[in-house]
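Scroll down for the structure; my scribbles are underneath it.
The values are calculated or read from the model by the stated rules, or taken from the named source; none is laboratory data. Computed from a predicted model, the values in this text were never measured in an experiment. Please note: Cβ atoms are built from the backbone with ideal geometry, for glycine as well, and neighbour counts cover all protein chains shown. Please note that ligands, DNA and RNA were not included when accessible areas were found on the heavy atoms of the full protein model with its side chains. Shrake-Rupley method; radii C 1.70, N 1.55, O 1.52, S 1.80 Å.
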Amino acid sequence: MGRIHRLDDLTINHIAAGEVVERPLSVVKELVENALDAGASVVSCDIRNGGISSIVVTDNGCGMDRVDARMAFERHATSKLRTIGDLDAIGTMGFRGEALASIASVSRIQLRTRRPEDELGIELTLEAGTIIRESEVGCPSGTRIQVENLFHNVPARFKFLKKDATEAGHIVEFIGRMALSRPDVSFRLVNQGNELLHTPGNNDGSSTLHSVLGRDMARSLVPLAEDGESGILTLGGYAGPPSLGRSTRQHQAFFLNGRWIRSRVIGAAVDEAYKGRLVKGTHPVVILFLKIPSNLVDVNVHPQKLEVRFMDEGVVFRAVYHALQNALAAGEAVAAFDLQPRPRTGEMPGSRLAEPQAAEPGMPTAGAPGEPIPWLLADSGPPFGIHAESPATDEGQALSAPSPDGPKPQGSGAREDAKPVFGRDLAAARVIGHLSNTYLLLEHGGDLLLLDQHAAHEKILYERLLASALRRRSEGEGMPPVQGLLEPLVIELPLADALALAEAIGSIRSMGFDLVPFGPKSFRLGGVPMEVPRMDPARLLRSLADHLRHGDVADPSGTRWQEALFDAACHGAIKAKDALDPREVDQLLKDLSALEDPYHCPHGRPVILRIERQEIDKRFKRIV
Amino acid sequence: MKIIGSRDRWMEAIAIVQKAVPSRSTLAILDGILVEADETVKLTGYDLETGIECLMEADIREKGHIVVPSRMFGDIIRKLPEDIVMMEVSENGQITIDSGKTHFTIKGIAADGYPKIPVVDNGKAVSIRQSLLKDMIRQTIFAVSSDESRPTLNGCYLRCEGNQVEMVAIDGFRLALRRKTVEGDEVGTMSFIVPGRTLQEVVRVLESGGEQPVLIRPSGNHILFDMGDVKITSRLIQGEYMNYRGIIPQTADSTLVVSPVAMMDAIARASLIISSEDKRFPVRLSMSEDDTLVVTANTDIGTLREEIPVELTGNRIDIDFNPRYFLDALKVIDQETVTIAFNGSMGPCVMKPSEGSDFAYLVLPLRR
């Protein structure tokens, strides 16, 4: 008896389903892509329980006749590909012919479809991949597919499904991305009977942006100039200002020929373009649409077609990098002065508004063209000899602060003493000036200290809130008193953010934020904790949503959660007056030096920078 | 230019206009004071947001204009030995300052480059007594918001309707409203948002007992406070002000009549133990008898309990407040008694005069 035997079709489809159909999102993705391939101008998606109990996708596309409808559920059956040669020039979203068969094998499907030219449509019902009923029905032209009880026959998968809201969140993100990529198609998403998203489909990119991202975010995005490169690549999209930096990459979406993709090359180009403009640990909001002739890109490298292979990565990198650079410069979204070292590109601070003399795109680590400014390229040492005052080794490095415990920089500004901490005697530093009402200039032990007053204030506030919350908890006190607002604020957020917040709303409320949902994308804030003073609530909620979606706060009752919330709250906190009076400065320094780590604000940005006397002397050629 | 004046007059005038001289300006000429001698002597300080002009008594021997470095000019005048000061400007911009046997020669800057303060005059004007305007500003300005994300709340809303002038400040958590009937012709309805910073300067110049009128002239983007010898011009904050009228409740669950001084003292005493380094506590207002209000603070430092005699109408109260919000309002109430209306532990609390409707301070309670 041979041990090896051929698997039956159902098993094969089950296995394939494992690859293609991972979660409800996969189903939605396949069905929506099919709808678009069928030429639909209206696509509607209705989900229940995060798509686990039901997904209905309806389109007004070309529909199918009886034979095609039956054939559609066969494995490797597709209308999108005929010969192997077609694979080299794939213009449709799908092509592998696996999806429907796979989905059918793990769910119950009802299909209703009619071609515009037919009088009657056809209805098929499938159970575990087998057609169990077939009849003629009257129905609108187009296709409606209902997928129910997903994974009911695959307990292993079913077990690993996340909460309904999480699955719904993925679907929301996906439909949002599709809507952005196809402003000519009207998308509608309904969850549990509530309409979450509805785009006009009027081919107007900005109104689509509005529907998907919400008013506030849509407004702040800078459109990229329509600008192809050497005819083979067309690039469009939107660049978020650096100030809109988010803590995850979830707000970056790249579309290639209308399909959402992940791409390391594009990601790297985005990072390079924003380099030095963003607060550490944040990622810009970027939406990019690339069009490349399909023979110059291989999309058949990933079962879900998420990853692609470009024939010429350098061209893509260059195009993305330059388009973003130009948009940023044009949008004046650039910080005027930048202390970050840019040894890779050799760019001078201040020169960035000019056409960037960037590193060879495609190989961002290569040496820089152009005449480097010698002191900026103080090889291993940071330009300006600026050190983020840091007792730890990790965070400061991005700011080019040489790690005090690590190897000493050989370049300028190397500090002899390995102890950067001046801790308690910070209050004794002499205030010698105030730069742009933003930085305090302090003299300390002959060196010049630059103190970011906003970051300092944020840090103090954060520590204070956290300490008080911890004490409240240990003393078993309830929630903090809530200070009501005279007029509730209505805050609109991008849909996915709103869903994440809605899920955690109980915990947010228990911390003293009187927040209630107010429509699918909006919240109403009626009060804030007494301990959180002035703040910008929209920023607070955005920042909080990032934390939530990032998953760093799985347990909304834990300390991590509080940290995230206060972090967000402080982020939103506004320094009352920019021009500090001497007493305020004293208080600030006193409060700051009482902290254990006064060197970083809660977001990892430095609070204090030090420019050494030796370094200044050197610049003035007093010493060599 | 040649003028002879009194050192004390100079000092007063310089001190007034220096408020509008920016300490660090990107435009060097703004760091100076513009001195103009035509029919009268006029000093000007202007930071492009707020401009202050001050007329000064002096004997004009020769007309002319010059810009003098602000701080140094002030210091020189203050240090002069005699009260009689002679200032002369030569053709090439050299300024000579003579007093007694002291003889300074300093460099001035030609006045041509000094930016013009916008002229505000479209015929409309509201006239208010100096002392009254000063009170109105003092009694509202504390509630001006410093939250830059809502710029319209960074100023006081000034609304004139008929003979009524109303000034309002809101910071999102509380509201301060002052209302007064003014003498003179009706001005029609107009409203504008004046930056809090400008009003701070206006208050400094206004005299407490001043019976002189202030003319307030608004235009589309600017406002002029004309106090005779001193004129302050400022940019207005553009935008829609919050619709505050709907926020002030007209009914109340409980009404207390109380001495603002007694209440302020009690809350101030409570604040002594409330203001801890890293934790804030509410002050509690409660009643166990109809004629006594109990102010309590219970913090990790200790407790305070104080009783205040009151007259109650309606239900007894038991509500928490942010002590600061209460104090700020009580401090500026000049009446012997004040009526405080409460609307449960969530609804807004309003302090009003026992008679009339000259002011209203609205504070939202802290929800437990």
Bins of 10 Å from zero: percent of alpha-carbon pairs in region B:81-203: 11, 28, 20, 15, 20, 5
Contact order normalised by length for region B:248-363, with contacts defined as Cα pairs under 8 Å and 6 or more residues apart; what percent is it? 32
Inverting the mean 1/r over all pairs of different Cα atoms, compute the Kirkwood radius of region A:173-237 and quote it in Å. 12.8
If the elastic network links every pair of Cα atoms under 10 Å, which of B:Thr292, B:Thr233, B:Thr50 fluctuates the most in the Gaussian network model of chain B? B:Thr292
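Could you list, in their original order, any pairs among A:Lys29/A:Lys521; B:Lys231/B:Lys331; B:Lys63/B:Lys107 whose Cα atoms are separated by more than 24 Å? If you can, show how the numbers build up before the last one.
Values: A:Lys29/A:Lys521 22 Å; B:Lys231/B:Lys331 29 Å; B:Lys63/B:Lys107 18 Å.
Violating the 24 Å limit, Cα to Cα: B:Lys231/B:Lys331.
Work out the P(r) tail for region B:248-363: percent of alpha carbon pairs separated by more than 22 Å, whole number. Working shown, then result.
Working: 1799 of 6670 pairs.
Of all Cα-Cα pairs in region B:248-363, 27 percent lie more than 22 Å apart.
I'd like to check one number: the per residue accessible area of region A:111-223, probe 1.4 Å, reported in Å² as a whole number. Intermediate values should be presented prior to the final figure.
On the way: 5270 Å² over 113 residues.
Heavy-atom accessible area per residue stands at 47 Å².
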Suppose a student asked you for the relative contact order of region B:107-182, using Cα pairs under 8 Å spaced at least 6 residues apart; what percent would you report? 25
Violations at 27 Å Cα threshold for listed pairs B:Lys19/B:Lys42; A:Lys459/A:Lys621; A:Lys590/B:Lys19; B:Lys2/B:Lys116; B:Lys2/B:Lys101 -> A:Lys459/A:Lys621; A:Lys590/B:Lys19
Using Cα springs under 10 Å in a Gaussian network model of chain B, which residue among B:Gly246, B:Gly155, B:Gly188 shows the largest mean-square fluctuation? B:Gly246
How much FRET efficiency would the formula 1/(1 + (r/R0)^6) give for B:Glu91 and B:Glu240, where r is the Cβ-Cβ distance and R0 is 51 Å, rounded to 0.05? 0.45
Probe radius 1.4 Å, ligands and nucleic acids left out: can you give me the accessible area buried at the A-B interface, summed over both chains, in Å² to the nearest hundred? 2600
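Would you mind getting me the FRET efficiency between B:Lys124 and B:Glu355? Use the beta-carbon distance for r and R0 = 30 Å, nearest 0.05.
FRET efficiency, B:Lys124 to B:Glu355: 0.40.
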Between B:Ser131 and B:Ile84, what FRET efficiency comes out of the Förster formula 1/(1 + (r/R0)^6) with R0 = 35 Å and r the beta carbon distance, rounded to 0.05? 0.60
In debye, nearest 20: dipole of region B:126-245 around its Cα centre with unit charges on the Cβ of K, R (+) and D, E (-)? 260
In degrees, nearest 10, the alpha-carbon axis of helix B:7-18 is tilted away from the dominant principal axis of the alpha carbons of chain B by 60
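What part of the accessible area of region B:248-363, given as a whole %, is carbon or sulfur when the probe is 1.4 angstrom? Show your work: numbers first, answer last.
Numbers: 2480 of 5280 Å².
Heavy-atom surface of region B:248-363 belonging to carbon and sulfur, 1.4 Å probe: 47 percent.
Starting from 0.36 nm per residue, how many nanometres of slack lie between A:Asn437 and A:Val42 once their C-alpha separation is accounted for? Don't jump to the answer; show the numbers that get you there.
Numbers: separation 395, 0.36 × 395 = 142.20 nm, distance 5.30 nm.
Computed gain between A:Asn437 and A:Val42 is 136.9 nm.
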Label points 7 Å out from Cα along the Cβ direction at A:His5 and A:Met311: separation in nm? 4.9
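Under a Cβ-Cβ cut-off of 13 Å, what is the net charge of the residues other than B:Ile193 that fall near it, where Lys and Arg count +1 and Asp and Glu count -1?
After counting each charged neighbour, the total is +2.
If the chain between A:Glu136 and A:Arg70 were fully stretched, how many nm would it gain, using 0.36 nm times the residue separation less the Cα-Cα distance? Display every interim value, and only then the final one.
Values: separation 66, 0.36 × 66 = 23.76 nm, distance 1.29 nm.
Here the answer is 22.5 nm.
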In nanometres, the difference between 0.36 nm per residue of separation and the alpha-carbon distance of A:Arg249 and A:Ala225 is 6.4 nm
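Based on Cβ point charges of +1 for Lys and Arg and -1 for Asp and Glu, what charge dipole magnitude is obtained for region B:2-113 about its Cα centre, in debye rounded to the nearest 20? Each step should come with its number before you reach the end.
Values: 13 positive and 19 negative charges, 83 e Å.
It works out to roughly 400 debye.
Charges at C-beta only: +1 for Lys and Arg, -1 for Asp and Glu. How large is the resulting dipole of region B:248-363 about its Cα centre, in Debye rounded to 20?
Computed about the Cα centre, the dipole is about 340 debye.
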Give me the Debye-computed log₁₀ of I(q)/I(0) at q = 0.13, 0.15 Å⁻¹ for chain B, equal point scatterers on Cα only, no solvent, two decimals. -1.01, -1.18
Area accessible to solvent at B:Phe359, 1.4 Å probe radius, in Å²: 10
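Considering Cα pairs under 8 angstrom that are at least six residues apart, work out the relative contact order of chain B and quote it in whole percent. Spell out each step's value before the answer.
On the way: 852 pairs, mean separation 46.7, N = 368.
Value for chain B: 13 percent.
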